1. If you take the Cα Rg of the range 459-508 and divide it by 2.2 N^0.38 Å, with N the number of residues, what do you get?
2. Amide H to amide H under 5 Å from residue 620: which residues, 5+ apart in sequence or cross-chain, H placed 1.01 Å off N in plane?
3. Filter 393/446; 104/137; 394/525; 106/654 down to the pairs with a C-alpha to C-alpha distance above 24 Å, please.
4. If one takes the longest principal axis of the Cα atoms in the chain, at what angle in degrees, from 0 to 90 and to the nearest 10, does the Cα axis of helix 441-452 lie?
5. For the range 1-118, what relative contact order do you get, as a whole percent, if you take Cα pairs closer than 8 Å and at least 6 residues apart?
6. Straight-line reach only, C-alpha to C-alpha below 15 angstrom: list the aspartates and glutamates that residue 251 could link to, leaving out same-chain residues fewer than 8 apart.
7. If the chain between residue 642 and residue 158 were fully stretched, how many nm would it gain, using 0.36 nm times the residue separation less the Cα-Cα distance?
8. Calculate one ³J(HN,Hα) per residue across the range 73-86 by plugging θ = phi - 60° into the Karplus curve 6.51 cos²θ - 1.76 cosθ + 1.60, and present them in order as whole Hz with x for glycine and proline.
Amino acid sequence: MTTPDSITTWNVEAVATTKDARFGLGTRNVTVFKGFFIEPDIPVSVVRNDEFPLKILIYNFDERDSDIIITLDQGDWYELLSESNVIVKSVKSGTVSSVDFRIKAKNVGKFMVTVRGDNGKEIDEVIKEMRVEPDGKALEELINGALENNQSMNATITLLDERIPNSEDAYIKLQGGIEAITLDGAENYIQFVSGCGEQSTSKLAVNIAAYNNLLKGDITDEQMFEFENMMTQGIEHEMIYVIDNSDGTGKSVVWHGSGPPDQWLTAWAVFAFQDLVDAGFIVDDDIIPGFQDYLLSTQNDDGSFEFENVGHWSINSKLARVKLTSTAYIARALLYSGYSEDDTAIQKSIGYIENNVDPDGDPYTLALTLLALEMGDGSTTLREDIAEKLFSKKHEDTQEGTIWWSWTTSSSGPDTYRSGTNIIETTGYAIMALDLHGFFSTTVNKAVKYLLTHREGGCFGSTHDTAVAFQALNSVDEFFIEDLTVTAYANGTEIRAIRFTDENKDITYLIDLRPYLEPGGLEVKLTSVGIGNIFYQIYYEQYIPWNQTELSKPPELILNITYDTTNIKVNDTITAEVSLIYNGDSPSLKMVLIDLRAPVGFSFIENEFIDLLNKGTINNYEIRDRQTMVYIDDIEKGKNITFTYSLRADKPIKGTIQGNHAYDMYNPAMDSEVPPVEVESNL
């Protein structure tokens, strides 16, 4: 048996059965290792112009002492600061030693770092990828649109003279319908779940939607194994926030590891867990019933539900009938997870909705009440009336052929947690409601077109908006393509022609524009000939040096980070002080995330964040290598939130701290950046 890797313990399991139904199981461990190997300690990413050491660990388990020759392959993307790219190191038998190559990253991009070790008898070679990030700010533009039948479009990509070399990226993405769009990047949608209870639930909802779409395509056994492992990790992470209620009312989901049960979050989790069960994942039998028991324990005598502390950021005091909205939301969750429309609790909620619905109400509430009434078999006449009213409150772009709905037309009371129209979520619910009702296929198709032409990359704004959009897209029929040929041109030259039919409309076509970029920019043209619809995205980005661009500093959210020093010894620390103030229109923000970064060769001290959590200064945190995400709930307007943390120097480096920023979790456009800082650590 040939085993891979340098030093690994393998678990071997053997299973045996007999014809008379006897069963046997045996397990053993097998440890394998090489007598000699090397292991480079190479950072995943650095910033251009960073200076840092590449540490190469040398393992000599051979029977003899050896003079090991370590060679670092040279490349024009970095400057070697050490005397030589070859170092000879004497390593005694049975010991581990190391050597360092100090380099400076000069060029932006992804590069392969190749290191070889030679002990005179054998050679061990290791190749690892390193990403050199631009030392500047990304300027991005995404153009979404659709071509129908014999249409065309033109776009201009402008490259700035001051851009950082090799930081440009540009491409065209062509997709023939909903399946292609939901399949596209599904591997990226299925990600390791992290974050607070809401983020965890929303990411899990996106994961399961993407997983179900992947099953429609051709994936390998290896991919299936990887995706299912990631789904399992997501379930395990979500269970951190699932609690048994102390009052015996079942199970609920909380925002953080401790805290009171949350009705909206529990109802939202019902959809995710029911989708997991429907997809064949194993979920404890008492999870969904426990959620249902808790939700029903909060039902009022008149059949209504009320979210404590206002609840979800869209279901808040600015809605004229927030109790009605909450009732429709929870009733739909119960029905979605298997409760019968004839159940007494459901009938009470449907009765409350029928008695309190206002057909002239806001679009968000109308969409949710129509969904609940359709699923709960409410009054046919009322459903028809609500559907017509919801239709009448649409916004339409006749030139683009799209329809959408905004969150509310009400101005009663302050908006407790959010501002804005929340178009994606509201339109998603309107699509599901009108599609379930029937007779509005043209409107639904135009609303779906709106979603598909208002993506940010592959997503739809926040994680929660993306989850709702996926629910909507998965609930409707696919677009029709008879025969449509789309041709892409760069500066007048044809670069690709693709014929779309029903046979390939589930495929995403990516056209790389980087080879055609010129100093003055690029003129892009798309034409379509035939019958059908396709969706396109034209994306380009370039990085501008920090000293030649402006930081994002919205007046509503002000973030400042100061450092007590920028030059220290290895093993010493830099103290950073954070100040965050919210000054927006709403009395508070539900949740703000602060994204903190450490330079190459530095690390965070987790005990400090544990202390901040225990003191109640922050509500949650996650450390991922050189990035820490800090979660702060219910930030009151005008209140200055301050705390300190440390950056520990683990290696001698010259580097840049960049990428620190804070943003509203539910309105990522409210994003406050801080300027980069250069730091140095020495032996």
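1. In units of the 2.2 N^0.38 Å rule of thumb, it is 1.60.
2. 631
3. Pairs exceeding 24 Å: 394/525.
4. 20
5. After rounding, I find 25 percent.
6. Partners within reach: 238, 262, 284, 285, 286, 293.
7. Once the chain is fully extended between residue 642 and residue 158, it gains 170.2 nm.
8. Here the 3J(HN,Hα) series is 5, 7, x, 7, 7, 9, 10, 7, 8, 6, 5, 8, 8, 10 Hz.
The values are calculated or read from the model by the stated rules, or taken from the named source; none is laboratory data. Just so it is clear, the model here is predicted, and its values are computed rather than measured. FYI the Cβ positions are ideal-geometry reconstructions off the backbone, even for glycines, and counts take in every protein chain you see. Accessible surface areas use protein heavy atoms only, side chains included; no ligands, DNA or RNA. Shrake-Rupley method; radii C 1.70, N 1.55, O 1.52, S 1.80 Å.
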